[in-house]
Amino acid sequence: MEEWRQCGRWLIDCKVLPPNHRVVWPSAVVFDLAQALRDGVLLCQMLHNLSPGSVDLKQINFRPQMSQIVALIV
């Protein structure tokens, strides 16, 4: 199994990605994993899972794609 697929599976096992995330679809490509990681939200969630309290999740924008869309509209 390719390393990026293993990483995607690990993120699912750690409950950072949902079990049906596109990174595990048969048609998935490494770009799908890169897209999931690009804004840092998953990495903050992973850090919080590994060390509870280390990240204040109230300070995280969980909808960064929406803010990118709004920036394009404005």
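The values are calculated or read from the model by the stated rules, or taken from the named source; none is laboratory data. Quick caveat: nothing in here was measured; it's all calculated off a predicted structure. Note that we place each Cβ from the backbone using ideal geometry, even for glycine, and neighbour counts take in every protein chain shown.
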Pull out all pairs, ordered by first then second residue, where Cβ-Cβ is under 6 Å, the residues are six or more apart or on different chains, the first lies in the stretch 43-57 and is more than 18 Å from L11 (Cα to Cα) and modelled with pLDDT under 90, and the second is of a type in the set (A, V, I, L, M) and not in a helix (DSSP H, G or I). none
Going through the stretch 29-59 in order, the residues found to be part of a loop (DSSP other than H, G, I, E, B) and of a type in the set (A, V, I, L, M, F, W, C) are V29, V55
P26 vs (1) more than 11 Å from the chain's Cα centre (by Cα); (2) at pLDDT below 90: all pass except (2)
If I go through the stretch 12-28 residue by residue, how many of them are under 18 Å from L57 (Cα atoms) and in a helix (DSSP H, G or I)? 0
